[in-house]
Amino acid sequence: MKIRAYELLIIFSSTLLMSYLGLSFRLLDDTSLFWPADILLFCFLIRYRSRDKSIKNKLLHSVILCIVGFLGMLLPAIYLENNQSFFEKIIHCAISSVFFITAWITLIIFFKIRGKTYSQLSKNYIFFIFISISIGSIFSALFYGMYLSTKTSDDNVFILSRKWFSEELSSGVIFVFLFLKVTRNVKNIFKISTSSIKKTFKKPLFILYPIIIIFCIASLNITLSVLAILPLIYLSLSHSFNKIILMCTATGIALNYIYINRLINVHDTIEKEYLFELSYLFQINTSVIIITVLIASFFINKNRKNIKRIELISNHDALTGMLNRRSLNQHMMNIINSTRDGDNKIMSLLVLDIDHFKKVNDTYGHAVGDNVIREFSTTLKQYTRPQDLLCRWGGEEFLIIIQGLSVNDCLDIAERIRSIIEGAPLAISDGHIVRCTTSIGVSFFQLERIEDFHEAFKEADELLYMAKEQGRNRVNSVQN
């Protein structure tokens, strides 16, 4: 597989920067990680290795990515001034590398077991990510404990190993989904739609939440900071998963920063083992809370998308994507309810029917008939406005409702559509070009109640029937 040079450059520079930032915020001691560089490298492995939708024959690629990422983590550690020797820094970076290697291997095992790629695991991928992070944290802590056991034989080995595990797990839970979103498409990180911004400002609690986090960090009040989780839980019920990822990351960083600062203030008055025990318990509890919020938000958003998908299917024709009969009636009711006095209520209704469509089905088969329906609907979409309502009323019969145009303009649209359909092939079967024509009935009405639409449809349908009797391939209206 071809290795892309820019990928290696991105991985090296990103892990170097993230390692530098993580090491700069080591507040408690030299082994206090809060070191998200290995989490970032794990996310890069997922994105680059899943790019070709396969996990086979890419061992060399993964090894090179890991080596480059390891060097990116090691350089800031080497230049960090602390009590560790050069050898100890290499060991710590190597043990940290155990995290993303074992986490990635765990994910590969999931791929193999389910016979799918990362892009196909989207249904419940959040669980696979959390399990991979947990296993990576466990193995990393085990290797750290084995390293410590070669240097000392006291009871602190277990305590320090647990602390290493809690920090790896906490860092993973806080950063992994943010990094997955960032590494997915770097170009679109700062692209935010205007509609998204407007929706955000309509929800004041979402705007207020960052202010709460900043206030908590400034006050260094751990009790107040824990209470900040309550609005986060509430927001997870109504906001998108991407927004909850950002809020969980900010909350996790703030809570860890505040709590470690509090521990620093009292570290001279209590034993170091008890200090590490407090840190371990706090980080595990924080991780569990953030995992719970993320899982709840993930499935709430997933359920919301499924509901929208069901509504889309129930309101639109499966073959053409147009409104169906039920949905069109609802749209007409919405127009009636939203129309104010003085608004232009004059509307045009075009009823279209494909001529001799039964003959097409009988001659070429229903598959070609479906192609004719699909191409016919595409032509209608091309030659109408976005605000016009298009509906597949049933079989080969279609409706177009136009508002805000004059009678002559609407008749011109109908004639243009008729002419385009007549002159263009709609489908091809066994080398044969299928050409069709359409007959159109046009009526005009003033919409004040739903019965007005039903009466207009009855009139347009009668005009369509007259066009059929007059030889088909024509536009028929009261005016002509």
* Structure fact -> Going through region 76-90 in order, the residues found to be surrounded by 15 or more Cβ atoms within 10 Å (Cβ to Cβ) and part of a helix (DSSP H, G or I) are Pro76, Ala77, Glu88, Lys89, Ile90
* To do: Go through the residues of region 168-176 one by one and say whether even a single one is at pLDDT below 65 and assigned by the TED database to the domain that holds Pro36.
  => no
* Looking at (1) in a helix (DSSP H, G or I); (2) within 30 Å of Gly395 (Cβ to Cβ), can you tell me which one Leu319 breaks? -> (1)
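Residues in region 373-389: is at least one hydrophobic (A, V, I, L, M, F, W, C) and assigned to a strand (DSSP E or B)? Please lay out each step first, then the result.
First, pick out the residues of region 373-389 that are hydrophobic (A, V, I, L, M, F, W, C): 373, 376, 380, 389.
Narrowing further to those that are assigned to a strand (DSSP E or B): 389.
Checked against the condition, which is being hydrophobic (A, V, I, L, M, F, W, C) and assigned to a strand (DSSP E or B), region 373-389 yields at least one hit.
Within the group Thr378, Thr292, which residue is within 29 Å of the chain's Cα centre (by Cα), hydroxyl-bearing (Ser, Thr, Tyr) and under 30 Å from Phe444 (Cβ atoms)?
Numbers: Thr292 fails: under 30 Å from Phe444 (Cβ atoms).
Of Thr378, Thr292, the one residue that is within 29 Å of the chain's Cα centre (by Cα), hydroxyl-bearing (Ser, Thr, Tyr) and under 30 Å from Phe444 (Cβ atoms) is Thr378.
Looking at region 436-452, is at least one residue charged (D, E, K, R) and either in a loop (DSSP other than H, G, I, E, B) or in contact with a helix residue (DSSP H, G or I) (Cβ under 8 Å, 6 or more places away or on another chain) (or both)?
Yes, because at least one residue in region 436-452 is charged (D, E, K, R) and either in a loop (DSSP other than H, G, I, E, B) or in contact with a helix residue (DSSP H, G or I) (Cβ under 8 Å, 6 or more places away or on another chain) (or both).
The values are calculated or read from the model by the stated rules, or taken from the named source; none is laboratory data. All of these numbers come straight from a predicted model, not from anything done at the bench. A quick note on method: Cβ atoms are made from the backbone with ideal geometry, for glycine too, and the neighbour counts reach across all protein chains shown.
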